[in-house]
Amino acid sequence: MRRRNVVLGSLIVLSGLGFAWLSGTSNGRAAQFVIGGALVNLGYRMQDHLSSFDFDPHHEHGESLTPGDVWAEVQRQNRMAADVRSLFPRTPHHPLVAMVVCMDARLDTNELTGDTRKYYYVIRTAGSAIEDEEGDMLELAVANGVKLILLTTHSECAAERAAADPAQRQRYPALTRSVLERGRRLRELLARPFLAAKIQSGELLVKQLDIDTRTELLLPH
Ligand SMILES: [Zn+2]
């Protein structure tokens, strides 16, 4: 594990030195941001198709994964990621954007924003529902300096499908209520005195958007 970390660390350091010369100018930093994004994407592409060695539900030998197997794998991968993180701590950034996004696993907010820095508060709920707690969190985020709130829904949303299906509505009444009340909750959010004053003074922008689940493109709602 340690040797692998050293090799990986050396590669990242060499890449960092290679790109360091780009940091001198604003254009250089922008170029470094794009190249960094491309490298992150390369990593995504390398991992994306892999399943048979860990999370394949049917496993190589035809055995089913147990919940314990999945938990062991999550811990193993977490330790590996934490080892890398301890070698290369991330820079804290003060978020400027707060996003509400459905919990749908097909959506990846780093990919959606093209940004792995920590400029975003991300609230993920089933069906992008905003309850009182989320309203409080968004208000706290704005109090902490957020200038833009993105309230998103997305195509092929399972929560919306459940809310529209009579059998599922009965089985998931709270989810159904949350999805059906999104419009009212949004109006309540915008009417919060603190947020309304920020919007009025031009210090806060709130956008309602749809995400194309396939491409993660933000579209007007
Ligand atoms: Zn959804």
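Only the coordinates and a few stated rules stand behind these numbers; no lab work does. Bear in mind that the values here come from a model prediction, so they are computed numbers and not experimental data. Ideal geometry is used to build each Cβ from the backbone, glycine not excepted, and the neighbour counts take in all protein chains shown.
Of note:
- Helical content alone sets the calculated 222 nm signal of the chain at -16500 deg cm²/dmol, taking -39,500 (n - 2.57) per DSSP H segment of four or more residues and averaging over every residue.
- For a modelled paramagnetic label at residue 77, 7 Å from Cα along Cα-to-Cβ, no residue of the range 114-135 is in reach, as no backbone nitrogen comes under 11 Å.
- Cross-link reach is defined here as a Cα-Cα straight distance under 15 Å, omitting same-chain residues fewer than 8 places apart; for residue 118 the aspartates and glutamates meeting it are 108.
- Note on the chain: with charges restricted to the Cβ of Lys and Arg (+1) and Asp and Glu (-1), its dipole about the Cα centre is near 700 debye.
- FRET E, pair residue 201, residue 29, Förster distance 22 Å, beta-carbon r, rounded to 0.05: 0.10
- Applying a DSSP loop filter and a limit of 13 other Cβ atoms within 10 Å to the chymotrypsin sites (Phe, Trp or Tyr not before Pro) in the range 36-100 leaves 53.
- Partner lysines for residue 198 [C-alpha distance under 18 Å; skip if fewer than 8 residues away on the same chain]: 147, 207
- For the range 110-207, GluC sites (Glu not before Pro) meeting the loop criterion (DSSP other than H, G, I, E, B) and having at most 16 other Cβ atoms within 10 Å: 131, 156, 181, 203.
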